[in-house]
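Accompanying notes for the structure given below.
Please treat every number below as a calculation from the coordinates, not as lab data. Since the model is a prediction, treat every value here as computed from it, not as a measurement. With ideal geometry, Cβ positions are generated from the backbone for all residues, glycine too; neighbour counts draw on all protein chains shown.
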């Protein structure tokens with residue numbers, strides 16, 4: 001429906017597009033096809049191919065490509081290993097989302113990106129098992145682990161900063177909201193937050209004592225350390 005009136009190349013696979021765009025609304029898909037059409041026009045193409053659709057999707061998700069960015073071979077190598085770490089842990093993690101694409105093209109604030117294709121059912125239900133969240137954290141830490149293994153602890157970079165933020169948010173929500181902590185118990189504490197699985201920012205207003213806060217912090221740290229250990233076991 002959203003491609004109506006647009007000339008498409010034979011390599012366009014709508015099933016693959018659907019797998020890479022779970023949770024997209026009709027308006028989102030329309031925007032995707034419009035972006036792809038613009039890219040095709042800029043490239044003097046008469047048809048929209050899978051490449052234009054893929055590039056348009058990355059632009060929507062991560063921002064425009066930094067075409068003028070000068071990236072050294074050393075940085076390209078580092079980013080490639082970092083993204084490969086995410087992909088490797090995700091690919092070998094049982095029952096995790098399949099890897100859709102790996103890119104080392106700088107976009108927005110990211111030096112590279114690894115795209116996974118979560119199931120439509122999981123996104124629509126909004127239900128995530130404890131094992132899935134633990135897997136998600138391990139995958140997010142796969143980039144830092146790869147840097148450490150390949151380049152050594154002294155040469156790891158700040159490239160994992162967003163990964164750490166994501167992992168910390170998920171771990172804290174597991175403890176404060178989802179009842180996945182034995183020490184805190186099956187209760188919800190702290191203020192409301194956003195959705196950690198769609199990359200939304202979260203804020204947690206403390207409505208508990210300093211003693212409880214210490215327990216929460218310890219539980220969060222334990223979850224993150226466990227995820228890091230799992231990621232390292234896979235990479236090495």
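Would you mind ranking 222, 147 by Cβ crowding within 10 Å, fewest neighbours first?
If I rank by nearby Cβ atoms, fewest first, I get 222, 147.
Using square roots of five times the C-alpha gyration tensor eigenvalues, list the equivalent-ellipsoid semi-axes of the range 14-62 in whole Å, biggest first.
18, 11, 9
Sticking with the crude label model, points 7 Å out along Cα→Cβ, report the distance from residue 30 to residue 119 in nm, one decimal please.
My value for the distance between the label points is 3.1 nm.
How big is D for the range 73-235, in µm² s⁻¹ as a whole number, if Stokes-Einstein is applied with the Kirkwood radius of its Cα pairs at 25 °C and 0.890 mPa s?
Estimated diffusion coefficient is 148 µm²/s.
Separation between the residue 10 and residue 178 pseudo-spin-labels, each 7 Å from Cα along Cα→Cβ, expressed in nm?
So the label points at residue 10 and residue 178 sit 4.5 nm apart.
Quote to one decimal, in nm, the extra length available between residue 70 and residue 233 on full extension: 0.36 nm per residue of separation minus the C-alpha distance between them.
55.3 nm
Counting each DSSP H run of 4 or more residues in the chain as -39500 (n - 2.57), what helix-only mean residue ellipticity at 222 nm follows after dividing by all residues, to the nearest 500 deg cm²/dmol?
Value at 222 nm, helices only: -18000 deg cm²/dmol.
Any idea what angle helix 130-151 forms with the longest principal axis of the chain, computed on alpha-carbon atoms, 0 to 90 degrees, nearest 10?
80
Suppose we take every Cα in the range 97-141 and form the convex hull; what volume per residue is that in Å³?
Cα convex hull per residue, to the nearest whole number: 95 Å³.
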